[in-house]
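A short reminder: the numbers here are calculations on the coordinates, not readings from a lab. Owing to the predicted nature of the structure, the values given are computational and were not obtained by experimental measurement. Cβ sites come from the backbone with ideal geometry, for glycine too, and all protein chains shown count toward neighbours.
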Amino acid sequence: SAYNVPITPSNLCKPRRLYISFSDVGWENWIIAPQGYMANYCLGECPFPLTAELNSTNHAILQTMVHSLDPEGTPQPCCVPVRLSPISILYYDNSDNVVLRHYEDMVVDECGC
Amino acid sequence: LSLQESLLLKSLGLSVKPSPKVPIPVPSVLWRIFQKRKSPSATNRDPMDGCRVEEFNVPGNIIRVFADQGHFIHSTQPHPLLCLQKRLYFNLSVLDEGERLTMAQLEIKFSHNSYHSPGHGEGFELRLYHSRQVPLKGTPSLERGKLLVEQSFIPLHRSLLFNLSDVAKEWTTHSRNLGLILEIAVSGDRTASVSTGSRSLCAGIDSFVDTSLLVVTLIPEQCGVSRRRR
């Protein structure tokens, strides 16, 4: 459930809060911990001129320039995760063994264009 | 939700949604590792070592604790000096093809946790053998295979730990997993004083609870550098 955070005036590309609750999807009987976690997601514009804090690639800077000259022809660059972190999940497997498993790229920490 | 759910389960490495029938208590070692990884200091950890189990200093992104599915070979004490004979069997068939086993640790648990200085005559001998036949209930004969561990001990601590990585690697690569045979006997220096006294020489082993096998595996393509950028 994405918290209904107040819409920030800036709709620039940035991480948005998204909390994943395992009980919302009925997984609480086999996932021991955590009960949920903050996964977040990326949303926002990558407008011209791309400022430094937008974590953009050289290609994205080029693309925004082309987009500003030819909006119909070339879209704006996408707002995507550029730094993610892992989580570990403790759960029961199908043979009732207790498993602690490490999953990479489960939390969005930073977004970029 | 069922399609999304099955896709998400698959990405979590599960074919179907687990539905634990008899959920066993969470082993404290897993709980400790989980809590440590959740702590703020861990989140600043180098993402490259996300697939390393620091507690055992081995590579791995999955840690499982297997409950023992073996059974006692005799319902009562088989011999005045042989206190316990038990088959140990851990069903490692749940490991996926792509998992590489990097460590296996056997834990033999006792319920006591006394630290008093042991009185004279509390020594025992522990022996662990490969089993040479399928661990079926009621199999009368006892086919011991190769002796893996032989150790004397005084029943002082809550558990004894043994590194069985080589044995478990064999089970997951080429040899059949026929389990193990655990024997705990009165130690040699006590056999001379076998008395018919009321207190059995095996009394100190009554606190034997059970055994479990902690297994660490690694799926290389799900870890750090070797993972292809999606």
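This ranking places B:SER93, B:SER6, B:SER131 by how few other beta-carbon atoms lie within 10 Å of each, fewest first, which gives B:SER93, B:SER6, B:SER131.
Between B:LYS169 and B:ILE154, the modelled label-to-label distance comes to 3.6 nm, taking each label 7 Å out from Cα in the direction of the beta carbon. The mean number of partner chain beta-carbon atoms within 10 angstrom of a residue's beta-carbon across peptide B:23-29 is 3. Neighbour counts of other Cβ atoms within 10 Å put B:THR217, B:THR76 in the fewest-to-most order B:THR76, B:THR217. Bridging of B:LYS36 to aspartates and glutamates at a Cα separation below 13 Å is possible for B:GLU54, B:GLU55, once same-chain residues fewer than 8 apart are set aside. Taking every residue in B:210-219 and counting other chain Cβ atoms within 10 Å of its Cβ, the average works out to 1.
Isolated Cys in chain A by the 4.7 Å beta carbon test? Here A:CYS78 come out as lacking a disulfide-compatible partner, given the Cβ-Cβ threshold of under 4.7 Å.
Take the residue pairs B:LYS17/B:LYS109; B:LYS10/B:LYS169; B:LYS146/B:LYS169 and return only those whose Cα atoms are more than 23 Å apart. Those over the limit are B:LYS17/B:LYS109; B:LYS10/B:LYS169. Legend: mean number of C-beta atoms from other chains within 10 angstrom of residue C-beta atoms, peptide B:87-95, equals 1.
Helical content of chain A, expressed as a calculated mean residue ellipticity at 222 nm, amounts to -3500 deg cm²/dmol (DSSP H runs of 4 or more residues, -39,500 (n - 2.57) each, divided by residue number, nearest 500).
Among B:HIS79, A:HIS67, the ranking by other beta carbons within 10 Å of each residue's beta carbon, starting with the fewest, stands as B:HIS79, A:HIS67. Label sites at B:SER19 and B:LEU81, each approximated as a point 7 angstrom past Cα along Cα to Cβ, lie 5.3 nm apart. Taking GluC sites (Glu not before Pro) across the range A:43-91, the ones in a DSSP loop with at most 11 further Cβ atoms lying within 10 angstrom of their Cβ are A:GLU72. Scalar couplings 3J(HN,Hα) for the range A:48-64, obtained by applying the Karplus form with A = 6.51, B = -1.76, C = 1.60 to θ = phi - 60°, are 7, x, 6, 7, 4, 6, 8, 6, 9, 8, 4, 5, 5, 4, 4, 5, 5 Hz; x denotes Gly and Pro.
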